[in-house]
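Down below is the structure, laid out as structure tokens.
The values are calculated or read from the model by the stated rules, or taken from the named source; none is laboratory data. Owing to the predicted nature of the structure, the values given are computational and were not obtained by experimental measurement. Ideal geometry is used to build each Cβ from the backbone, glycine not excepted, and the neighbour counts take in all protein chains shown.
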Amino acid sequence: MIGRAAAAAPDLPEIARALARGCAAGLPVPEAVARAAAAVDDASAALLGACAARLDAGEPVRAALEPLAERDGGIAIVGAVELHAELGGDLVASLFAIGEGLADRERLRLEARAATAQARIAARAIPLAPVASLGLLGVLAPSALEALVTTRAGLAVLGAAGLMTAVALVLLRRIAAGAGL
């Protein structure tokens, strides 16, 4: 499920593609930025519109594109524009490639999130399982629950179960953190 914040975030792959189309049409970068702002969704248009306004005000390209560079992955787009301004080269191909790379990165992030969904669900369910089991045991066999919490052997079983639950939680959180989730 995509949250509202994620849905409202600028679409950097589409920004890169829109800039590439403008540059492919022979437009200078300031005009390509302004035209790209008209060709993308609202959040992306707002970001590009801010950059276009700064370019129109006469700011240097690097400073004008700073709002874009502050976005995760946006620095690649800005870097391509700056590199082209300094050294030349095929800006259109670079921007299209960056757009595809950013789109691939997002697809991989979503695939990793889907692949680790079971671990995240298990991390939430594991702490509840012992509590639910004890509650069920109390309803179905109150004498067994009494023996579990009043005898040395029962307390040892509860302690071992608690320790194993804690280890499982630590491992599941490491898995989720290792996957960047």
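Some points to look at:
- The residues listed here are R109, R62; of these, the one that is surrounded by fewer than 18 Cβ atoms within 10 Å (Cβ to Cβ), closer than 17 Å to A32 by Cα and modelled with pLDDT under 90 is R62.
- One residue alone among L145, L102 is touching a Gly at 6+ places or on another chain (Cβ under 7 Å), farther than 30 Å from P30 by Cβ, surrounded by 13 or more Cβ atoms within 10 Å (Cβ to Cβ) and not acidic (D, E), and that residue is L145.
- In region 37-50, the residues that are closer than 16 Å to R21 by Cα and not assigned by TED's automatic domain parsing to the domain that holds L65 never reach a residue that is surrounded by fewer than 17 Cβ atoms within 10 Å (Cβ to Cβ) and of a type outside the set (S, T, N, Q) with C-beta atoms less than 6 angstrom apart, at least six apart or across chains.
- Number of the condition not met by L48 [criteria: (1) crowded, with 18+ Cβ neighbours inside 10 Å; (2) farther than 20 Å from A97 by Cβ]: (2)
- Among the residues of region 66-97, those that are more than 20 Å from G26 (Cβ to Cβ) and not charged (D, E, K, R) comprise P67, L68, A69, G73, G74, I75, A76, V78, G79.
- Residue check, D41 surrounded by fewer than 17 Cβ atoms within 10 Å (Cβ to Cβ), touching a helix residue (DSSP H, G or I) at 6+ places or on another chain (Cβ under 9 Å) and not aromatic (F, W, Y): yes
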